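The values are calculated or read from the model by the stated rules, or taken from the named source; none is laboratory data. Computed from a predicted model, the values in this text were never measured in an experiment. Note that each Cβ is placed from the backbone with ideal geometry, even for glycine, and that neighbours are counted across all protein chains shown.
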């Protein structure tokens, strides 16, 4: 059994070895560790190998320039520049929180990003500011919706960035 401190250091080192900045490595690591500590191991440490393989295949940008490409007082569109999804999502949620603090509501859409792991992490970021957070993403139709016996039939043309399935 490993301590959370050991896993945190290990994960941070993996992302740094991939070329991530110290801050980006810390952001991605925090999402992994929080997933594990909250019992969502399917989006925790087990996924490190997937991100490493995406990096090896050149499918993620470890030095992204995540930036706002369109905005209004309460909305923004963020371009993730091919970032690890967790990094683009954390930065996008920070923008949403900032906008909500000044405009009363903040809505941010992120494009050009990758799998972002534990969705609850981003909603909990809002709690620290006494706000309600919502986090949504698109995914491949690999799982049946709640209370369904099988997944719906869909035509899907893109590939999942983590498992490389259609």
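General remarks:
- Residue count for region 65-92, restricted to those that are surrounded by fewer than 22 Cβ atoms within 10 Å (Cβ to Cβ) and part of a loop (DSSP other than H, G, I, E, B): 6.
- Matching residues in region 115-166 - criterion: being at pLDDT 80 or above, surrounded by fewer than 16 Cβ atoms within 10 Å (Cβ to Cβ) and either in contact with a strand residue (DSSP E or B) (Cβ under 9 Å, 6 or more places away or on another chain) or assigned to a loop (DSSP other than H, G, I, E, B) (or both): 128, 129, 130, 131, 132, 134, 136, 137
- Those residues of region 49-64 which are part of a loop (DSSP other than H, G, I, E, B) and buried (at least 19 other Cβ atoms within 10 Å of the Cβ), in sequence order: 60, 62, 64
- Top-ranked residue of region 93-114 - restricted to ones that are touching a helix residue (DSSP H, G or I) at 6+ places or on another chain (Cβ under 6 Å) and assigned to a strand (DSSP E or B), ranked as nearest to residue 52 (Cα to Cα): 110
- Restricting attention to region 14-47 and to residues that are part of a helix (DSSP H, G or I) and without any contact (Cβ under 8 Å) to a residue 12 or more places away in the chain, the residue that is farthest from the chain's Cα centre (by Cα) turns out to be 17.
- Tally, over region 25-41, of residues that are surrounded by 15 or more Cβ atoms within 10 Å (Cβ to Cβ) and either touching a strand residue (DSSP E or B) at 6+ places or on another chain (Cβ under 8 Å) or under 12 Å from residue 121 (Cβ atoms) (or both): 11
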